[in-house]
Each structure stands twice: as structure tokens, then as C-alpha cells.
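Shown below is the structure under consideration.
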Amino acid sequence: MSRPTKQSPERGNARIRLLESARDIVRAKGFAATTVDDLCRSADVTKGAFFHHFESKDALGVAAAEFWTEKTSAFFAAAPYHDLADPLERVLGYVAFRKAIIEGDLAAFTCLVGTMAQEVYASSQGIREACGRSIFGHAETLEADIEAARRERGITGDWTAQSLARHTQAILQGGFVLAKAGNDPALAREALDHLARYIRQLFHVTEETIA
């Protein structure tokens with residue numbers, strides 16, 4: 001999952017400002033390197049305000065993952081690929097949409113919950129589980145279209161709509177890691193091009209057939 005980065009038109013209350021700051025700073029610096037002071041300074045709140053809303057930095061991490069899920073769910077629910085008639089076109093449209101929003105600074109398009117899950121999976125069960133709910137929940141939004149495309153095309157095999165939906169997230173998160181390692185967003189877009197080719201092969205169609 002990725003995107004929502006823009007600040008709200010109205011900065012909102014202290015809690016929202018802290019969550020927005022966490023969204024942006026953690027993607028740029030990582031969760032461990034992000035301090036409470038960083039968050040307070042960015043959100044223009046006092047430490048007292050921070051601990052009024054969050055009992056700890058980990059509690060903020062859980063809330064940030066949930067905030068991310070809420071915002072990205074709305075963002076993807078409104079995406080244009082949902083309007084396509086063919087379910088396979090919708091699946092491929094999703095991949096194309098994910099590629100199209102990979103632009104700008106690395107921190108602007110990479111995934112908050114993916115970043116945190118990689119860092120804290122062994123040290124914070126609460127954050128790991130919140131990130132898992134976000135990533136797996138997003139994958140689930142693809143399952144109905146994948147299954148409909150399987151039925152319409154009579155596709156059988158030793159894979160399921162659920163497993164392919166999860167695979168899309170594996171490619172996305174891996175693409176983000178490659179983009180960070182190479183300091184090059186094109187590496188993430190390249191990974192999505194290969195994902196689209198793979199999906200077409202699974203459904204025995206060419207790019208021209210589905211266009």
C-alpha cells in the first residue's frame with residue numbers, strides 16, 4: 001500500500017497532526033529513527049500533548065498504521081480502475097494505477113505499514129499486527145475481481161484469488177525496497193511491469209487481448 005501524503009487542507013487537531021507527521025517522517029527516516037521530539041516538532045505540539053493522545057511511541061505506531069489504513073482505503077476505493085467492466089481489466093488496472101502513483105520522492109510513495117512491519121516485526125507485536133491488518137486487508141480488496149476473472153476465463157491451477165492478491169503486495173513491498181536500495185523509483189515501476197506480465201500469463205492473455 002502507498003500514497004496519501006498530502007497534508008489535510010485544515011491541519012486538524014493535535015492527534016491528527018501527530019498521525020500525519022508519523023506518516024511522513026517514518027517513511028522518510030524509519031520508525032526507530034523517528035523520535036517523539038521529531039513528531040512533536042513537525043506537528044507543532046508539546047510532549048505533554050503527545051502523551052495525552054498516545055501513551056507511548058509504540059501506541060502512536062499502532063494508531064499511525066490504523067490512520068494509514070483508513071486514508072489509503074478511501075484513496076483506493078475512489079480509484080478509476082473500479083469502473084472497468086471486465087474483472088481482469090480491473091485487476092490489471094489496479095497494477096497500472098499502483099505504477100502511476102510511484103512518483104516524486106521515495107518517502108512520498110512508499111508504504112508506511114510496509115516500512116514499519118520490516119523494522120518492528122520482532123520488537124512490537126502491536127505495530128506488527130496493525131501493519132498486517134492493513135496489508136492483508138488491502139490485498140483482500142482484490143480477491144473478488146481475481147476470482148471473477150478466474151471464473152469467466154475458466155482458469156484453474158494450484159493458486160487461489162487470495163494467494164495472487166497477496167502476491168501483488170509482495171511485489172509492491174519488494175519494489176519499494178528495491179527503489180530505496182537503488183534510490184530509484186523506476187525500480188518499483190519495473191517490478192509492477194513484471195507483475196502485470198505475470199498476471200496476463202496466468203490468465204493466458206496478451207497485452208493486446210486485454211487492451
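Rule-based calculations on the coordinates, nothing more; no lab input. All values derive from a computational prediction rather than experimental measurement. Don't worry about glycine lacking a Cβ; one is built from the backbone with ideal geometry, like all the others, and counts go over all protein chains shown.
Excluding Leu202 itself, calculate the net charge of residues whose Cβ lies under 11 Å from the Cβ of Leu202, where each Lys or Arg counts +1 and each Asp or Glu counts -1.
Surrounding charge for Leu202 is +4.
Shifting gears a bit: Residues with beta-carbon under 14 Å from that of Arg166, excluding Arg166: net charge, scoring Lys, Arg +1 and Asp, Glu -1?
Numbers: positive: Arg133; negative: Glu140, Glu143, Glu147.
Computed value for this residue: -2.
Tell me the relative contact order for the chain as a rounded percent, counting alpha carbon contacts under 8 Å between residues six or more apart.
Values: 231 pairs, mean separation 49.4, N = 211.
Relative contact order of the chain: 23 percent.
A further question follows. Give the order of Glu119, Glu143, Glu55 when sorted by the count of other beta carbons within 10 angstrom, beginning with the fewest.
Numbers: Glu119 19, Glu143 16, Glu55 10.
With the sparsest Cβ surroundings first, the list reads Glu55, Glu143, Glu119.
Once every DSSP H run of n ≥ 4 in the chain is given -39500 (n - 2.57) and the sum is divided by its residues, what mean residue ellipticity at 222 nm do you get, rounded to the nearest 500 deg cm²/dmol?
Result for the chain: -23000 deg cm²/dmol, rounded to the nearest 500.
How high is the relative contact order of the range 109-181, given as a whole-number percent (alpha carbon pairs under 8 Å, six or more residues apart)?
About 30 percent, as a whole number.
If you average the alpha carbon positions of the range 52-69 and of the range 137-165, how far apart do those two centres end up, in angstrom?
33 Å
Reachable lysines from Lys99, Cα under 22 Å, same-chain residues fewer than 8 places away excluded?
Leaving aside lysines fewer than 8 places away in the same chain, those within reach of Lys99 are Lys6, Lys71, Lys180.
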